1. Is there any pair linking a residue in the stretch 57-68 that is closer than 19 Å to GLY137 by Cβ and of a type outside the set (Lys, Arg) to one that is part of a helix (DSSP H, G or I) and open to solvent by 20 Å² or more (accessible area, probe 1.4 Å), with Cβ under 6 Å and at least six apart or on different chains, and which?
2. Restricting the search to the stretch 340-382, which residues are under 22 Å from GLN183 (Cβ atoms) and of a type in the set (D, E, K, R)?
3. So, restricting to helices (runs of 4 or more DSSP H) that lie completely within the stretch 1-88, which ones have at least 2 residues that are modelled with pLDDT of 90 or more, open to solvent by less than 40 Å² (accessible area, probe 1.4 Å) and hydrophobic (A, V, I, L, M, F, W, C)?
4. Show the residue pairs that are 6+ apart or on different chains and have beta-carbon atoms under 6 Å apart, the first residue being within the stretch 157-178 and in a loop (DSSP other than H, G, I, E, B) and open to solvent by 50 Å² or more (accessible area, probe 1.4 Å), the second being at pLDDT below 90 and not basic (Lys, Arg).
5. Any residue in the stretch 341-354 that is assigned to a helix (DSSP H, G or I), under 20 Å from ALA197 (Cβ atoms), touching a residue at least 12 places away in the same chain (Cβ under 8 Å) and not polar (S, T, N, Q)?
Amino acid sequence: MEDCLAKKMEITVSEAEKRTGRNAMNIQETYTAYLIETRAVESQSEGQCAPVDSLWRRYSEFELLRNYLSVTYPHIVVPPLPEKRADFVWHKLSADNMDPDFVERRRIGLENFLLRVASHPVLCQDKIFYSFLTQEGGWKEMVNETGFQLKADSRLKALNATFRVKNPDKRFTELKHYSDELQSVISHLLRVRARVADRLYGVYKVHGNYGRVFSEWSAIEKEMGDGLQSAGHHMDVYAASIDDILEEEEHYADQLKEYLFYAEALRAVCRKHELMQYDLEMAAQDLTSKKQQCEELATGTVRTFSLKGMTSKLFGQETPEQREAKIKVLEEQIQEGEEQLKSKNLEGRDFVKSAWADIERFKEQKNHDLKEALISYAVMQISMCKKGIQVWTNAKECFSKM
């Protein structure tokens with residue numbers, strides 16, 4: 001971790017800017033660009049003021065970077081991006097992806113994504129990631145030249161692997177179930193939070209009615225007028241404070257959403273392992289089949305029904321020379337298949353070792369982050385309740401002076 005990029009470079013997504021341009025289809029569109037600023041840490045420690053390098057990136061470029069990392073490092077739980085469009089929001093909050101408050105939260109999420117990658121012991125060393133931070137022009141071409149998209153496995157193949165793997169690794173099966181449950185629990189938690197926020201908004205705003213009633217009442221009371229007017233003012237302030245409170249709460253919700261999306265990153269690692277296991281089993285099956293064919297040709301016996309066997313019966317047996325030639329080809333294929341199987345076994349063991357090390361790292365990070373997020377959320381709720389108590393304490397004093 002001492003060598004990670006986050007220790008050597010300050011990385012911030014400092015601002016967001018609404019822009020208009022033409023896309024690949026030459027259609028005019030409105031999008032948001034984000035300013036990434038980087039500064040070397042070493043020169044600062046030496047007492048010098050390091051220059052700030054900056055460049056603009058679109059959300060789609062962040063998506064391209066993450067897709068590249070996911071394909072290039074299949075054994076790693078790649079940090080997720082913040083949501084493209086708002087979900088699990090209370091109804092008074094805008095779900096428009098151009099809404100300034102949402103864009104600001106997404107800016108924070110994109111900065112968090114870059115810091116996650118820069119802090120990762122493996123991802124931080126990737127040259128494409130470094131270029132993303134430092135090289136504005138030609139970056140997309142550089143990514144596409146890696147050919148990472150050709151390495152991406154098709155969905156159909158992944159689906160086949162899920163249903164046809166005969167000997168799945170129990171640890172990855174359990175991890176896949178855990179990621180499903182984690183996503184389900186956090187989704188439910190976010191829905192409950194949105195409902196609570198919605199009701200809380202209503203309760204606070206109704207307090208504004210107290211303010212209006214006390215103010216109207218104060219106009220017809222001589223002795224009690226000042227106390228009622230002051231109490232009404234406290235209620236108005238209390239009612240107005242809910243907008244800022246719930247906007248702040250959305251930042252805590254975003255911390256939970258990050259792990260909602262991390263669940264999919266966990267499943268991606270499990271799917272990659274299934275694919276590798278599927279390829280391994282198919283290679284072993286093919287090797288067994290070729291060995292059987294070779295044995296049948298050498299002994300002249302057919303143990304199982306085959307089209308070739310039927311052809312031999314219909315059109316006569318092959319000559320010894322033809323049989324020898326086929327045996328030779330099969331022996332070469334068997335040797336090649338054994339080497340391929342050995343290579344796939346080694347690749348599989350390396351994948352499991354690397355993946356499980358990163359999963360353990362992720363679990364430690366998850367436990368720490370969710371604990372901090374839940375504590376912060378509780379502290380915010382306590383603070384909010386204290387403000388409510390203070391408002392009614394102030395109102396009580398106003399009433400006492402009447």
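The values are calculated or read from the model by the stated rules, or taken from the named source; none is laboratory data. As the structure is a prediction and not an experimental result, all values here were calculated from the model. Heads up, the Cβs are rebuilt from the backbone with ideal geometry, glycines too, and the neighbour counts pull from every protein chain shown. Remember, those area values only see protein heavy atoms, side chains included, never the ligands or the DNA or RNA. Shrake-Rupley method; radii C 1.70, N 1.55, O 1.52, S 1.80 Å.
1. none
2. Within the stretch 340-382, ASP358, GLU360, ARG361, LYS363, GLU364, LYS366, ASP369, LYS371, GLU372 meet the criteria.
3. On the way: elements: 5-8, 42-45, 59-72.
Counting at least 2 such residues, we get 59-72.
4. Pairs found: LYS166/GLU281.
5. In the first step, residues of the stretch 341-354 are kept if they are assigned to a helix (DSSP H, G or I); the result is 341-354.
Checking which are under 20 Å from ALA197 (Cβ atoms) leaves us with none.
Scanning the stretch 341-354 turns up no residue that is assigned to a helix (DSSP H, G or I), under 20 Å from ALA197 (Cβ atoms), touching a residue at least 12 places away in the same chain (Cβ under 8 Å) and not polar (S, T, N, Q).
To keep it simple, each residue is scored yes or no on (1) surrounded by fewer than 18 Cβ atoms within 10 Å (Cβ to Cβ); (2) hydrophobic (A, V, I, L, M, F, W, C); (3) over 30 Å from LEU374 (Cβ atoms).
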site	(1), (2), (3)
GLY225	yes, no, yes
LEU228	no, yes, yes
ALA239	no, yes, no
GLU248	yes, no, no
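Residue by residue, here is whether (1) of a type in the set (D, E, K, R); (2) at pLDDT 90 or above holds:
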| position | (1), (2) |
| --- | --- |
| SER154 | no, no |
| LYS170 | yes, yes |
| HIS177 | no, yes |
| ALA194 | no, no |
| GLY202 | no, yes |
| GLU216 | yes, yes |
